[in-house]
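Q: I'd like to ask some things about the structure below.
The values are calculated or read from the model by the stated rules, or taken from the named source; none is laboratory data. In this text the structure is predicted, and so the values were computed from the model without any measurement. FYI the Cβ positions are ideal-geometry reconstructions off the backbone, even for glycines, and counts take in every protein chain you see. Surface accessibility is based on the protein's heavy atoms, side chains included, excluding ligands, DNA and RNA. Shrake-Rupley method; radii C 1.70, N 1.55, O 1.52, S 1.80 Å.
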Amino acid sequence: MDRPLTVAFLVYDGVKLLDVCGPAEVFAEANKFGGNYSLRYFSPSGGPVRTSIGLPLQAEGDIDELVELDTLIVPGSDDLPTRPIPGELVQAVQLLHSGVRRLVAICTGAFVLAAAGLLEQRQATTHWQHAPLLAKSHPDVHVKADALFITDGRVYTSAGVSAGIDLALALVEGDQGGDVAREVARNLVLFMQRPGGQSQFSAPLSIKAPNHQPLRKVVELICARPDLDYDAQALETLVGLSSRQIARLFASELNTTPSKFVEQIRIDHAKALLAAGHSITRTAKASGFGSSESMRRIFHQRMRISPSDYRARFHSTVNSTEVSS
């Protein structure tokens, strides 16, 4: 590159430190292999900020000092989904976005972009835990809850904190090519393209108890015993209503269909068993999939990962080469 590409992080009190330092390390590492990134850190006030872990971060100045900006990165914070978004953050993004080549949100930073009106009619993602709130608060945003990161035009959004590193690596690949990105990935011990989506990391489905008492009972039974048969006839017997009435109740109270609900509960149950180290065969039977092959097919369809890979990834942090005494 003839001139440095200025990558600016907009930091503020409570900013998630990994949302800043993770992507920053990727760009800094790329400079060792021919990249030419200039990393800068600015706050709306121009002063230092306190990060999520209490470590102060010194900003270089306020946004008025940003010139020839290539990429603006808005990191996330635990506060953004739960508290009113500071007006100075929204104003800063609104002021700067038109002059940048790329506008990037890491994790809950997507809430700032949405509040600034910059995600309207765009596809976007955020941390899986907050994706439903983003979709509800901003119905004009097409939220893709399972994506690790999404590109829509010149706007980029990523999922939970470590996905910001994945996105930064993809940006480096777009700027510098695959060879440089692979060197960065090797040095930082990263996936070039991490398999699967956010669903492989998310906690079991949170379910609001239905208002309709017979439906509540059957939901509790499905959650407790996903291994039982829940075909249309079985549900009619359990609820005492027709299949059409049951489908209406699932749609109105749980925003899904009976079959999709049962499948999701079985997936959540299987994930918990696999993470506890149970075998594929036992997990498939206990979760109600019927066979290992059926569970493998549904895992690939819904999570883009195999049950065995899921178990290997989440069962233990102990290296497989470690020998126990």
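Okay, residues lined up against (1) among the β-branched types (V, I, T); (2) in contact (Cβ under 8 Å) with a residue 24 or more places away in the chain; (3) open to solvent by less than 10 Å² (accessible area, probe 1.4 Å):
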| position | (1), (2), (3) |
| --- | --- |
| G99 | no, yes, no |
| L103 | no, yes, yes |
| G109 | no, yes, yes |
| Q121 | no, no, no |
| L134 | no, yes, yes |
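Q: If K285 satisfies all but one of (1) under 19 Å from R311 (Cα atoms); (2) open to solvent by less than 60 Å² (accessible area, probe 1.4 Å), what's the number of the condition it fails?
A: Condition (2) is where K285 drops out.
Q: If you don't mind, there's one more thing I want to ask. For the list (1) more than 21 Å from the chain's Cα centre (by Cα); (2) modelled with pLDDT of 95 or more; (3) surrounded by fewer than 20 Cβ atoms within 10 Å (Cβ to Cβ), I need the number of the one condition that L89 fails.
A: (3)
Q: Scan the stretch 200-213 for residues that are within 21 Å of the chain's Cα centre (by Cα) and open to solvent by 30 Å² or more (accessible area, probe 1.4 Å) and report the count. Quick ask: steps written out before the conclusion?
A: Filtering the stretch 200-213 for residues within 21 Å of the chain's Cα centre (by Cα) gives 200-207.
Filter once more, keeping what is open to solvent by 30 Å² or more (accessible area, probe 1.4 Å): 201, 203-207.
Qualifying residue count, the stretch 200-213: 6.
Q: Scanning for something buried (at least 16 other Cβ atoms within 10 Å of the Cβ), at pLDDT 90 or above and of a type in the set (D, E, K, R), does the stretch 294-303 turn up at least one residue?
A: Scanning the stretch 294-303, I find at least one residue that is buried (at least 16 other Cβ atoms within 10 Å of the Cβ), at pLDDT 90 or above and of a type in the set (D, E, K, R), so the answer is yes.
Q: Of the residues that sit in the stretch 11-40 and are outside any loop (DSSP other than H, G, I, E, B) and among the β-branched types (V, I, T), which one is surrounded by the fewest Cβ atoms within 10 Å (Cβ to Cβ)? Please lay out each step first, then the result.
A: Initially, the stretch 11-40 is screened for residues outside any loop (DSSP other than H, G, I, E, B), giving 15, 17-33, 37-40.
With among the β-branched types (V, I, T) added as a condition, the list becomes 15, 20, 26.
Details: V15: 27, V20: 24, V26: 27.
The selected residue is V20.
Q: Determine whether V184 is over 21 Å from L118 (Cα atoms) and open to solvent by less than 20 Å² (accessible area, probe 1.4 Å).
A: Values: over 21 Å from L118 (Cα atoms): yes; open to solvent by less than 20 Å² (accessible area, probe 1.4 Å): yes.
Criteria met by V184.
Q: Right, here's the next one. Determine, yes or no, whether L241 is assigned to a loop (DSSP other than H, G, I, E, B) and open to solvent by 50 Å² or more (accessible area, probe 1.4 Å).
A: Working: assigned to a loop (DSSP other than H, G, I, E, B): yes; open to solvent by 50 Å² or more (accessible area, probe 1.4 Å): no.
When the stated conditions are applied, L241 does not pass them.
Q: Still on this structure: Before we move on, is R194 among the basic types (K, R) and under 30 Å from V7 (Cα atoms)? Step through it out loud before you land on a result.
A: Details: among the basic types (K, R): yes; under 30 Å from V7 (Cα atoms): yes.
Yes, satisfied.
Q: Quickly run through the stretch 222-237 and pick out the residues that are surrounded by 15 or more Cβ atoms within 10 Å (Cβ to Cβ) and of a type in the set (A, V, I, L, M).
A: Result: I222, L235.
Q: Of all residues in the stretch 41-54 being surrounded by fewer than 22 Cβ atoms within 10 Å (Cβ to Cβ) and hydrophobic (A, V, I, L, M, F, W, C), which is nearest to V112 (Cα to Cα)?
A: Checked the stretch 41-54; the qualifying residue nearest to V112 (Cα to Cα) is V49.
Q: Give just the number: which of (1) more than 20 Å from F314 (Cα to Cα); (2) open to solvent by less than 50 Å² (accessible area, probe 1.4 Å) does I267 not satisfy?
A: Result: I267 passes all but (1).
Q: Scan the stretch 64-86 residue by residue and report those that are open to solvent by 60 Å² or more (accessible area, probe 1.4 Å) and closer than 21 Å to A163 by Cβ. Reasoning before the result, please.
A: Residues of the stretch 64-86 that are open to solvent by 60 Å² or more (accessible area, probe 1.4 Å), as a first pass: 64-65, 67-68, 78, 82-84.
Result: D78, T82.
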